[in-house]
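Every number in this text was worked out from the coordinates using simple rules, so none of it is lab data. These numbers come from a predicted model, not from an experiment. Cβ coordinates were reconstructed from backbone atoms using ideal geometry, including for glycine residues, and neighbour counts include every protein chain displayed.
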């Protein structure tokens with residue numbers, strides 16, 4: 001391997017902004033082609049910083065000239081079959097395979113493993129922290145947003161192709177991983193945190209583990225900044241936790257410039273609470289051995305009323321959704337509209353789960369989701385038609401099954417494109433935001449003040465639940481359709497609806513509404529007998545509790561016996 005003892009700038013030769021004719025280290029710069037030749041012949045390997053710093057290194061053409069087959073032609077054909085564009089797939093296969101080959105000396109693409117790809121990804125991320133980075137790129141952020149992002153995409157495409165070959169076991173991600181620093185704590189604390197997170201990964205969903213890791217990370221950052229003397233969780237006290245919780249309520253976040261909201265603070269505090277509770281129950285070393293905080297230390301979650309979509313807004317939105325050009329997005333939103341299914345349940349729907357009832361009504365079998373229970377729901381014909389279009393596109397696909405994150409069983413997912421599961425962001429958020437903007441359903445927010453759609457995909461679920469309740473569906477039916485595991489969850493929809501509240505309000509408080517007993521009309525028209533008026537005046541301040549006296553007028557029928565409940569006037 002090329003010697004990393006020599007400074008990188010000397011080994012690369014040409015720095016940022018320099019011309020080809022006047023590099024800082026001309027010998028190194030002009031020797032680059034010869035070094036690549038040595039690497040292709042198997043006489044040398046190269047560290048990744050040397051391969052990354054120049055930006056562009058011509059490797060594939062020299063290899064072809066030497067009669068060396070890097071195996072990219074077969075990879076390119078398979079990538080195109082998975083739906084990748086030929087030009088982007090060619091660039092990805094050439095870049096990824098050639099860099100791995102020159103770094104490892106592995107020129108047989110069938111020998112590339114998950115470890116090779118993981119090493120290259122890690123090297124890309126670490127190069128952002130290289131001391132000489134700005135000698136080759138304007139800044140670390142420009143490097144991340146430009147070259148690094150492209151290279152990670154290249155490696156991801158290679159991984160997708162190799163996965164469907166059966167050559168690697170790591171499943172392609174729905175989204176590219178976000179750029180975040182690794183969890184870094186003092187060694188003893190790091191050991192405990194990683195051990196706990198590894199245990200949680202055995203039972204929790206990946207999204208849950210991400211939130212747990214974030215809670216421990218932020219707590220560790222706070223300790224490192226204000227209490228650097230703490231090197232073990234055993235030294236952490238409740239006061240340290242309370243100080244961190246106070247910090248959450250006051251410190252502005254990088255993304256919004258405002259402190260975290262109540263829901264986000266609940267998630268962080270719950271994650272740290274679970275860490276102390278689990279490590280105490282599992283008798284870990286270097287921990288307090290007891291729960292320093294509990295759920296009672298977190299803010300009380302607000303009880304929110306489900307926000308269904310009003311009829312007029314829904315009538316504007318649905319025609320636009322039905323005209324969405326992407327069949328995957330259109331089908332996902334129509335299923336959400338007519339089934340009330342959760343977004344993740346739709347995203348993870350298997351290919352073969354659409355059939356029909358005996359009367360030919362379409363029926364969709366939804367996978368286990370938040371409540372870990374599969375269910376069957378009837379489906380509107382519009383949604384079923386959209387699903388059949390996607391099924392037709394996927395029927396001849398040769399993709400390898402994916403291991404479901406919840407059931408751990410191999411599944412042929414329905415919503416697959418370019419060899420990987422489509423994300424909820426693509427299927428729902430992106431498409432419904434475009435539909436909102438097309439219909440003018442825009443509120444404040446959004447990037448650069450452009451506004452943000454007022455409708456979210458989750459509100460389609462609330463709309464189904466509200467409509468079922470308003471039209472008299474049984475509580476069990478609401479639970480069955482929405483996949484609720486407890487009655488209390490379904491009761492949110494079964495309570496008195498907005499329309500019923502409005503109807504009762506108008507019946508009582510609208511002008512002309514009757515708000516008193518049967519004699520109210522006589523009183524308002526002035527025909528009430530003087531005897532009755534005198535009775536009301538003389539007994540105005542009497543109450544049931546004080547005197548046990550019924551104040552019914554004679555015209556309203558006989559009085560109520562003493563001790564019985566009655567209306568006090």
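Computed over every Cα-Cα pair of the stretch 338-407 and binned at 10 Å starting from 0, the pair-distance distribution P(r) comes out as 18, 51, 29, 2 percent.
One Cα centroid belongs to the stretch 1-52, the other to the stretch 301-360; the line between them spans 55 Å.
For a test of the definition: using alpha carbon positions, the gyration tensor, and the 1.5 limit on a/c, classify the stretch 322-461 as rounded, prolate or oblate. Prolate shape, in that a/c is at least 1.5 and a/b is the bigger ratio. As a proxy for reagent exposure, ranking 427, 528, 40, 491 by other Cβ atoms within 10 Å from fewest up yields 491, 528, 40, 427.
Taking other Cβ atoms within 10 Å as a rough exposure proxy, 213, 122 sort from fewest to most as 122, 213. Principal-axis analysis of the Cα atoms of the chain puts helix 149-165 at an angle of about 90° to the longest axis.
Approximating the spin labels as points 7 Å out from Cα along Cα→Cβ, the residue 437-to-residue 68 distance works out to 4.6 nm.
The ranking of 68, 432, 455 from fewest to most other beta carbons within 10 Å of each one's beta carbon is 68, 455, 432. Extension gain, residue 115-residue 171: 0.36 nm per intervening residue step, less the Cα-Cα distance, totals 18.8 nm. Taking a ≥ b ≥ c as the square roots of the eigenvalues of the Cα gyration tensor, an a/c ratio of 1.5 or more together with a/b no larger than b/c marks the stretch 282-355 as oblate. Multiplying the residue separation of residue 418 and residue 204 by 0.36 nm and subtracting their alpha-carbon distance yields 74.3 nm. By how many degrees, between 0 and 90 and to the nearest 10, does the Cα long axis of helix 238-250 differ from the longest principal axis of the chain? Helix 238-250 sits at roughly 80 degrees to that axis.
Note on residue 381 and residue 145: with the Förster distance fixed at 56 Å, the Cβ-Cβ geometry gives a FRET efficiency of about 0.80. Tell me which label goes with the value of Rg and Dmax of the Cα atoms in Å computed from the coordinates here: [x] 24.8, 82; [y] 25.8, 87; [z] 33.4, 119. Of the listed options [x] 24.8, 82; [y] 25.8, 87; [z] 33.4, 119, [z] comes from this structure.
Centre-to-centre, using Cα atoms only, the stretch 68-89 and the stretch 216-240 are separated by 50 Å.
Note on the chain: helix-only mean residue ellipticity at 222 nm, from DSSP H runs of 4+ residues weighted -39500 (n - 2.57) and normalised by residue number, equals -14500 deg cm²/dmol. Look at where the Cα atoms of the stretch 90-123 and of the stretch 277-292 average out, and the two centres are 43 Å apart. Taking the inverse of the mean reciprocal distance over all distinct Cα pairs, the Kirkwood hydrodynamic radius of the stretch 244-317 comes to 15.2 Å.
Mean separation of Cα pairs under 8 Å and 6 or more residues apart, divided by the residue count, gives the stretch 311-472 a relative contact order of 27 percent.
Counting only alpha carbon atoms, the long axis of helix 457-470 and the longest principal axis of the chain meet at about 20°.
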